[in-house]
1. Quick check, is E112 closer than 30 Å to L172 by Cα, open to solvent by 20 Å² or more (accessible area, probe 1.4 Å) and not small (G, A, S)?
2. Name every residue in segment 420-456 that is part of a helix (DSSP H, G or I), open to solvent by 20 Å² or more (accessible area, probe 1.4 Å) and free of Cβ contacts under 8 Å to residues at least 24 places away in the same chain, in order of residue number.
3. From the set of residues in segment 77-109 that are under 30 Å from G173 (Cβ atoms) and of a type in the set (G, A, S), which is modelled with the lowest pLDDT?
4. Evaluate the following for A280: is it more than 27 Å from Y402 (Cα to Cα) and open to solvent by less than 70 Å² (accessible area, probe 1.4 Å)?
5. Test of understanding: among Y439, Y454, Y402, Y391, which residue is at pLDDT below 90 and of a type in the set (F, W, Y)?
6. Tell me which residues, restricted to segment 317-344, are open to solvent by 60 Å² or more (accessible area, probe 1.4 Å) and either in contact with a Ser or Thr (Cβ under 9 Å, 6 or more places away or on another chain) or at pLDDT 90 or above (or both).
7. Looking at segment 48-71, which of its residues are out of contact with any helix residue (DSSP H, G or I) (no Cβ under 7 Å at 6 or more places or on another chain) and open to solvent by 60 Å² or more (accessible area, probe 1.4 Å)?
Amino acid sequence: MDKRRQTLLYLLSDFATAALVWLLLNVLRYVEVAQYDGFDTLAFYLTSYQVLKGQLLIPFFWLILYYFSGYYNIPFGKSRLKELFETLVCTAAGVIFIFFAVILNDLPRSFEIYYRIFFSYGAMQFFLTYAVRYSITLHALRKMRRREWALHVLVIGAGQQALQAKADLVKLGYRITGFVRIDATAPAVPENELLGSMDDLPQLVAAGPVDELALAPDALPDTEIIRLLYSLYHYSLPIKVRAGKNNPLARGQAKTIHGIPFIEVTANHFSEAGKNIKHAMDKAVSVLILVLLAPLYAGIALRVKRSSPGPVFFHQERIGYRGRPFTIYKFRTMYQAVGDQEPLLTERDDPRVTPFGRFLRKYRLDELPQFWNVLRGDMSLVGPRPEQRYYIERIVRRAPYYYLLHNVRPGITSWGMVKYGYADTVDKMIERLDYDIMYYENMSLSLDIMILIYTVKIVLTGKGV
């Protein structure tokens, strides 16, 4: 199963369908309108500049609309009923937009012609698009039922839990690539299916085929399970574990498939459409801020340089999406001497903070360079604040479900920051964690907008400390 190939197939079919429908619509527009407006032949009309421009641009418009609907995010395992509904909603939205933006410029002989063109366009766009999509989806489902296509799962574990995970996954139509031993305990799985140890995992994933990972340890401490999970994030593959009463990951999203409960530990509750819109909004806003506020950046940089010896920017390693480390940037707010000390959290009235740094922190202006992190894809506008590995290791000992926050990109602002504020101890970090988990479990574009509004209010009132 090649996800990129399947996604490309949907893309090409949608483009071709949109182009064909627009061509058919232009034939109808000629019959109903254009032949009465000076176009002597159909060929003359179809080769005119405006029609040719639309013939190229309109299909791309539909691809952009379908992208933001989230249709291309999951190329396999589509629900045919959901696909029908998504196609219908997208078609309705797209046809309405194109009608008012393009078709309404036509001047037909009677008003009823608008209705004929509108409903004809909507019907052709929906039925042709859905028919092609349905055939592609049905072909994929048949291949999966016949086991000609299957998602390959590499099971991390080699004990009784791994055997149970294999049985469950096979029932769901997955194909087991093999097992990876976690420790030196005698394996319960067949020797010929044991591919190696955790040290061999990078080579096994690279050699493939591996589409997903399944974590199935037997008896391990909670902290060791969390450590294993973080090591698996590196491979950017979906990860699932079988739900259990004593599983430290049980606060994850439990998804029951045919009566078999699995925790999709790399999934979150955000809709596919919401993910794409949020990602595009992050990029657009970060570019806008970096360009429009360039004079402010320059002014702050000059003041930081004058306030005390040292660099303008402070940078530090933080742990972000899927447990990957990245470098976060801020305007420096402390005296240079603290740079090489053991990780310390900033306290209220901290003597290490410069006078100008205190002002920056009060209005959260020290966070402005993080829009560069957003543009790079390290962060989002809204999301849980990223922490240092040093503190994460201490947090997960008491709150192992902290790992959930790494299923989304960290943010410049967060629900925890606007409702709780800065945390200067691990205890306070854990208290703030409840707000971030609440955000994770209720992610939506409307919640993001609300958090941004709260953040603007905090910045303008100077309540950032």
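1. No: the conditions fail for E112.
2. D427, K428, E431, D434, Y435, M438, S446, I449, M450, I453, V456
3. G77
4. When the stated conditions are applied, A280 does not pass them.
5. When all the criteria are applied, what remains is Y402.
6. E317, R324, P325, Y329, Y335, Q336
7. Those that are out of contact with any helix residue (DSSP H, G or I) (no Cβ under 7 Å at 6 or more places or on another chain) and open to solvent by 60 Å² or more (accessible area, probe 1.4 Å): Y49, Q50, L52, K53, L56, L57, F60, I64.
Here is a yes/no grid of residues against (1) open to solvent by less than 20 Å² (accessible area, probe 1.4 Å); (2) modelled with pLDDT of 90 or more; (3) of a type in the set (D, E):
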site: L169; (1), (2), (3): yes, no, no
site: L172; (1), (2), (3): no, no, no
site: T177; (1), (2), (3): no, yes, no
site: V189; (1), (2), (3): yes, no, no
site: D200; (1), (2), (3): no, yes, yes
site: V205; (1), (2), (3): no, yes, no
site: I226; (1), (2), (3): yes, no, no
site: S231; (1), (2), (3): no, no, no
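The values are calculated or read from the model by the stated rules, or taken from the named source; none is laboratory data. Treat the numbers as computed from the prediction; the structure is a model and nothing was measured. Cβ sites come from the backbone with ideal geometry, for glycine too, and all protein chains shown count toward neighbours. For accessibility, only protein heavy atoms count, side chains too; no ligands or nucleic acids. Shrake-Rupley method; radii C 1.70, N 1.55, O 1.52, S 1.80 Å.
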